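As structure tokens, the structure follows; a few thoughts come after it.
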Amino acid sequence: MKHRIKYTLYNIVTVFAVTMFFSCEGNLKEVQQMNTANKNPTGVAENFILKYTDSTKLKAIVSGPVYEDFGNQTFPYQKFPEGLHVDFFDENNQKSSISADYGIIYSDTKLIDLKGNVVLETHDGKKLEAPQLYWDQNNEWIFTEGTYTFTSPDLNMTGVGIDFNKEFTVVSSHGNTGSAIVEEKE
């Protein structure tokens, strides 16, 4: 008799455990979803044109097919998943531009990461092409550790790794080859 009571008690516990396991399966998926980070943007703009001004002076025009704002994240950012084009203007209203297939701006660090067919063209005929380019807005410094091609009216070079200030007046290249036009003075 004792054996039979043990066996029945074992069956009841087993049935209860199995029932609880299967009844919680649906809730488990819901709990897992609640714990995953919400990666939905707080805003999306399509075929956008953004104009940035400072004291009524136009500083930049950013345009592209899609803009996504992820300001709701722990590390907020804005993304341009289908590319972007930026025209920016200096103090003399001279226009330079940059374009890329993809871009992301990290709000807290003020770092911009541009990827895919990045082309930077300055108002005075300088052109930098690279598969990836970073812009540190705080320090106004542009750099890549990847390959690049730089052309200007008096200098053509290719290499791996270059960094420079936004005016191209301070340049550090990490390995390059190229040709330059040098004026001889008599």
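The values are calculated or read from the model by the stated rules, or taken from the named source; none is laboratory data. Treat the numbers as computed from the prediction; the structure is a model and nothing was measured. Reconstructed Cβ throughout: ideal geometry from the backbone, glycine too, with neighbour counts over all protein chains shown.
Numbers at a glance
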item: The stretch 107-122, residues that are modelled with pLDDT under 95 and surrounded by fewer than 15 Cβ atoms within 10 Å (Cβ to Cβ); result: 107, 108, 109, 110
item: Filter pass, residue 142 being in contact (Cβ under 8 Å) with a residue 24 or more places away in the chain, in a strand (DSSP E or B), within 13 Å of the chain's Cα centre (by Cα) and buried (at least 18 other Cβ atoms within 10 Å of the Cβ); result: no
item: Selection count, the stretch 123-132, where residues are charged (D, E, K, R), in a strand (DSSP E or B) and surrounded by 15 or more Cβ atoms within 10 Å (Cβ to Cβ); result: 1
item: Residue list for the stretch 111-139, filter: of a type in the set (S, T, N, Q), without any contact (Cβ under 8 Å) to a residue 40 or more places away in the chain and more than 20 Å from residue 174 (Cα to Cα); result: 117, 137, 138
